[in-house]
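This report concerns only the one structure given below.
The values are calculated or read from the model by the stated rules, or taken from the named source; none is laboratory data. Quick caveat: nothing in here was measured; it's all calculated off a predicted structure. Don't worry about glycine lacking a Cβ; one is built from the backbone with ideal geometry, like all the others, and counts go over all protein chains shown.
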Amino acid sequence: MASVELSGLTKKYGPLAVVDNISMLIEHGSLVCLLGPSGCGKTTTLRLIAGFVEPTAGEIRVGDRVVSRRSARCRRNGAICR
């Protein structure tokens, strides 16, 4: 298994940054919960990690692999959002 690392992860739709410069390390075996009000970017962050949405900037690593620009199909990860 592997850790998941987000480095400077950003997603913009036009001028609107819906995820803005998120960085975190999720160690293997950790349980993580994203909490926040409606519209704060929780689901978009999960969609970025899963590969359903491509980031505007930043990097997503799973173990030692950079997967930021790979489609969900090519990441070989399972994901359930929501």
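Below are the figures for this structure:
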read-out	value
Pairs where the first residue, in region 64-75, is within 15 Å of residue 46 (Cβ to Cβ) and the second is surrounded by fewer than 12 Cβ atoms within 10 Å (Cβ to Cβ) and of a type outside the set (D, E, K, R), C-beta under 9 Å, 6+ apart	67/74
Count of residues meeting criterion [in contact with a helix residue (DSSP H, G or I) (Cβ under 7 Å, 6 or more places away or on another chain), surrounded by 16 or more Cβ atoms within 10 Å (Cβ to Cβ) and aliphatic (A, V, I, L, M)] in region 1-40	5
Residues that are of a type in the set (A, V, I, L, M, F, W, C) and either assigned to a strand (DSSP E or B) or at pLDDT 95 or above (or both), drawn from region 1-25	4, 6, 9, 16, 17, 18, 19, 22, 24, 25
Residue list for region 26-40, restricted to those being touching a strand residue (DSSP E or B) at 6+ places or on another chain (Cβ under 6 Å) and either in contact (Cβ under 8 Å) with a residue 24 or more places away in the chain or not in a loop (DSSP other than H, G, I, E, B) (or both)	26
Of all residues in region 41-58 being assigned to a loop (DSSP other than H, G, I, E, B) and in contact with a strand residue (DSSP E or B) (Cβ under 9 Å, 6 or more places away or on another chain), the one that is surrounded by the fewest Cβ atoms within 10 Å (Cβ to Cβ)	54
Residues that are at positive phi and either touching a Pro at 6+ places or on another chain (Cβ under 7 Å) or at pLDDT 90 or above (or both), drawn from region 37-62	39, 41, 58
